[in-house]
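Q: So that we are looking at the same thing, I have put the structure below in structure tokens.
Just so it is clear, none of the values below were taken in a lab; they were calculated from the coordinates. Quantities reported herein were computed from a predicted structural model and do not represent experimental measurements. Virtual Cβ from ideal backbone geometry, glycine too; neighbours counted across all protein chains shown.
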Amino acid sequence: MRMENKPEKMLYTVKEAGAALGVNSGMIRKLIKKGLLPGLKLGCLKVRKISLEKFIQDYDGMNLDDLDNIVPLILTDEREAK
């Protein structure tokens, strides 16, 4: 039996990008609207895989609860780490 190599997925829908980052699609749309995560319209709104990887790298160690005031992540209680 011969297995075909599937091409690597390069674009994610907003829903798929949210699932990849563990957030809802609304948050992905907010990140795109604020200019924190590049998006593109190709049929529907999409995000490149490399953009997701760069976003994770750029905002590692940051608190993004308030997208207008992104600050370093400071854990004051062990329960917050969950």
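Q: Among all lysine pairs in the chain that are eight or more places apart or on different chains, how many have alpha carbons less than 15 angstrom apart?
A: 10
Q: Please report, to two decimal places, log10 I(q)/I(0) for the chain at q = 0.18, 0.24, 0.25 Å⁻¹ as given by the Debye formula with identical point scatterers on the Cα atoms and no solvent.
A: -0.81, -1.21, -1.28
Q: Just tell me the longest site-free run in the chain, where the sites are GluC sites (Glu not before Pro) in a DSSP loop having at most 10 other beta-carbon atoms within 10 Å.
A: Values: sites that count: Glu4, Glu8.
Maximal segment without exposed cleavage sites: 9-82.
Q: Once phi is turned into ³J(HN,Hα) by the Karplus curve 6.51 cos²θ - 1.76 cosθ + 1.60 with θ = phi - 60°, what whole-Hz value does each residue of the stretch 10-18 show in order, with x for glycine and proline?
A: Residue by residue, the stretch 10-18 yields 9, 10, 10, 5, 4, 5, 5, 5, x Hz.
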